[in-house]
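Step one of this worksheet: look at the structure below.
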Amino acid sequence: MPELPEVETVVRGLRSSLPGSMIDEVRFGKTDFVDDPILISERVPGLKIAGVTRLGKFICIGLDPVSASPETSAGQCLIIHLGMTGQLTVAQSSDPVQSHTHVFFALDDGRELRYRDIRRFGRMLTIPASELAAFKSLLGKEPLEIEAEEFCEHFGSRRARLKALLLDQSVLCGIGNIYADESLFRARLHPTRIAEKLKKEQLLALRAAVREVLEEAILFRGSSVSDYRDSEGKRGNFQLKHRVYKRDGKPCVQCKAIIRRMIVAGRGTHFCPTCQPAGRVRRAAKKSMKPKVRADKAKNKKS
């Protein structure tokens with residue numbers, strides 16, 4: 001699934017080529033992932049693309065009226081989530097159409113913004129620009145913007161496993177399976193550690209690791225481990241830099257221990273058992289055995 005770095009890469013590509021263009025027409029193929037295709041068909045044509053931004057894993061295309069008059073629509077925001085296999089690219093209207101392309105936004109300059117999605121797990125909707133703040137309030141904190149103290153307070157008070165917290169879009173928005181695993185590895189934290197039990201320096205190390213991984217992944221234009229392509233249809237390269245994700249059975253790049261895979265929060269999770277020890281869990285298990293040993297000794301003395 002495209003995560004923050006992939007979505008940011010797509011947004012930057014669209015931002016460099018779309019603003020100023022007007023949408024003349026919207027054409028749909030399959031619409032089961034579109035909240036209200038009729039509404040989009042009515043509201044979007046005739047509006048000019050003002051800008052493209054990222055909200056967590058969502059792409060937000062701001063649309064403004066070409067001229068202010070009672071006949072024109074109010075400003076709108078076209079919100080797009082790429083799901084697992086979504087691709088948003090700009091092409092000439094004469095270019096061949098790839099299979100599984102379901103939405104076409106015809107622009108006034110002869111180009112098209114095309115949405116392709118093999119599995120159709122994405123989402124598309126339009127909201128009035130006046131409702132964008134309310135939409136953003138439903139999302140978690142931006143991991144590249146959250147300050148250190150706020151991060152520690154946000155994470156340190158939660159009794160949840162680190163991997164589950166990183167995946168929770170109401171806590172931090174934009175992080176998925178790939179970058180959760182990579183961030184925990186760089187922070188040297190086991191995925192099942194409980195957030196509220198971490199020391200402040202460990203929380204700060206996790207925040208630094210998250211920022212480092214995301215910024216590096218953006219630099220390499222995201223990870224193409226499956227269907228992800230940028231706005232020009234090109235693959236990312238950060239998959240070549242993964243240290244643990246999908247590397248189970250291979251040696252750790254730091255200590256040469258074998259990378260393992262386990263299920264945490266319902267997701268396949270990759271980690272190094274040496275660099276990311278779960279020592280506290282083992283100690284707790286040993287303590288729980290002591291009362292049983294004492295009880296066995298007491299029985300032996302009575303007999």
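Overview of values
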read-out: Whichever residue in region 187-205 is of a type in the set (A, V, I, L, M) and over 21 Å from residue 263 (Cβ atoms) and, among such residues, is surrounded by the most Cβ atoms within 10 Å (Cβ to Cβ); value: 203
read-out: Those strands (runs of 3 or more DSSP E) lying entirely in region 37-146 with at least 1 residues closer than 26 Å to residue 170 by Cβ and modelled with pLDDT of 95 or more; value: 47-55, 58-65, 76-81, 86-92, 111-117, 123-128
read-out: Residue within region 185-195 that is aromatic (Phe, Trp, Tyr), touching a residue at least 24 places away in the same chain (Cβ under 8 Å) and under 30 Å from residue 118 (Cα atoms) present; value: no
read-out: Odd one out for residue 224, checked against (1) under 16 Å from residue 85 (Cα atoms); (2) under 16 Å from the mean Cα position of the chain (by Cα); (3) surrounded by fewer than 18 Cβ atoms within 10 Å (Cβ to Cβ); (4) free of Cβ contacts under 8 Å to residues at least 60 places away in the same chain; value: (3)
read-out: Unmet requirement for residue 152, which otherwise passes all of (1) free of Cβ contacts under 8 Å to residues at least 40 places away in the same chain; (2) in the same structural domain as residue 164 (by TED's automatic domain parsing); (3) under 21 Å from the mean Cα position of the chain (by Cα); value: (1)
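The values are calculated or read from the model by the stated rules, or taken from the named source; none is laboratory data. A quick note: this is a predicted structure, and the numbers were derived from the prediction, not measured. Here the Cβ is made from the backbone with ideal geometry for all residues, glycine too, and neighbour counts use every protein chain on show.
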